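Asker: Once you've had a glance at the structure underneath, I'll fire off some questions.
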């Protein structure tokens, strides 16, 4: 598999998005793709505008077998969002996933969800559902501190912390090893109408 990428890269721990300087998970030697992080910030900010509180969940998904396309993750995410809507009685779920493949023979995905914080406060039930639903495709490793809760009392600090943590999805390493028709990432298309 050859690496395919023509995206702009950024190096350094600060990135300016919409005239706001943000601390990100990057260094002078380990870069990120700004476009991926811009989508994270866009979808997070839309979810903050829609909901009074936002629950953010970060998790990884590893496949058992290599796949040249992203049909598995696309189908999984659609079904997961439908499950969340049914079980938590909510809508406007923000999400982003990125595809990576480094030394392993199969790709893995890093995922972030942005959900109405009035309907979910802790990740246990949701993580169990994710692991159960993903089991037939592979495994979902346990991440340290996988969730954040943003509300009006901690909005600025927690938002910055979430952006720094989720900016990991934008790292350049591991991206581009895919078929030409496959994407490196996908973001939800939540919209906010004033």
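Asker: Given (1) within 18 Å of residue 39 (Cα to Cα); (2) part of a helix (DSSP H, G or I), identify the lone condition not met by residue 109.
Answerer: Here residue 109 clears every test but (2).
Asker: Let me ask something else. Mind counting the residues in segment 16-29 that are in contact with a strand residue (DSSP E or B) (Cβ under 8 Å, 6 or more places away or on another chain) and within 20 Å of residue 97 (Cβ to Cβ)? Before you say what the answer is, go through the steps one by one.
Answerer: Within segment 16-29, the subset in contact with a strand residue (DSSP E or B) (Cβ under 8 Å, 6 or more places away or on another chain) is 16, 21-26.
Adding the requirement that they be within 20 Å of residue 97 (Cβ to Cβ) leaves 24-26.
Summing the residues that are in contact with a strand residue (DSSP E or B) (Cβ under 8 Å, 6 or more places away or on another chain) and within 20 Å of residue 97 (Cβ to Cβ) in segment 16-29 gives 3.
Asker: All but one of (1) under 16 Å from residue 129 (Cα atoms); (2) surrounded by 18 or more Cβ atoms within 10 Å (Cβ to Cβ); (3) touching a strand residue (DSSP E or B) at 6+ places or on another chain (Cβ under 7 Å) hold for residue 62, so report the exception by its number.
Answerer: Of everything listed in (1) under 16 Å from residue 129 (Cα atoms); (2) surrounded by 18 or more Cβ atoms within 10 Å (Cβ to Cβ); (3) touching a strand residue (DSSP E or B) at 6+ places or on another chain (Cβ under 7 Å), residue 62 misses just condition (2).
Asker: A follow-up question, please. From 121, 103, 79, 58, which residue is more than 18 Å from the chain's Cα centre (by Cα) and either closer than 25 Å to residue 192 by Cβ or touching a residue at least 24 places away in the same chain (Cβ under 8 Å) (or both)? Steps first, answer last, please.
Answerer: Details: 103 fails: either closer than 25 Å to residue 192 by Cβ or touching a residue at least 24 places away in the same chain (Cβ under 8 Å) (or both); 79 fails: more than 18 Å from the chain's Cα centre (by Cα); 58 fails: more than 18 Å from the chain's Cα centre (by Cα).
After applying the criteria, what remains is 121.
Asker: Which ones in segment 127-162 are surrounded by fewer than 13 Cβ atoms within 10 Å (Cβ to Cβ) and within 16 Å of the chain's Cα centre (by Cα)?
Answerer: 141, 142, 144, 145
Asker: When segment 83-97 is examined, which residues are found to be closer than 16 Å to residue 189 by Cβ and free of Cβ contacts under 8 Å to residues at least 40 places away in the same chain?
Answerer: Selection gives 85, 91.
Asker: Residues that are modelled with pLDDT of 95 or more and under 13 Å from residue 112 (Cβ atoms): find the strands (runs of 3 or more DSSP E) completely inside segment 1-97 holding 1 or more of those. Before you say what the answer is, go through the steps one by one.
Answerer: Numbers: elements: 14-17, 20-23, 54-63.
Answer list for segment 1-97: 54-63.
The values are calculated or read from the model by the stated rules, or taken from the named source; none is laboratory data. Predicted model, so just to flag it, every value in this text is computed and none were measured. FYI the Cβ positions are ideal-geometry reconstructions off the backbone, even for glycines, and counts take in every protein chain you see.
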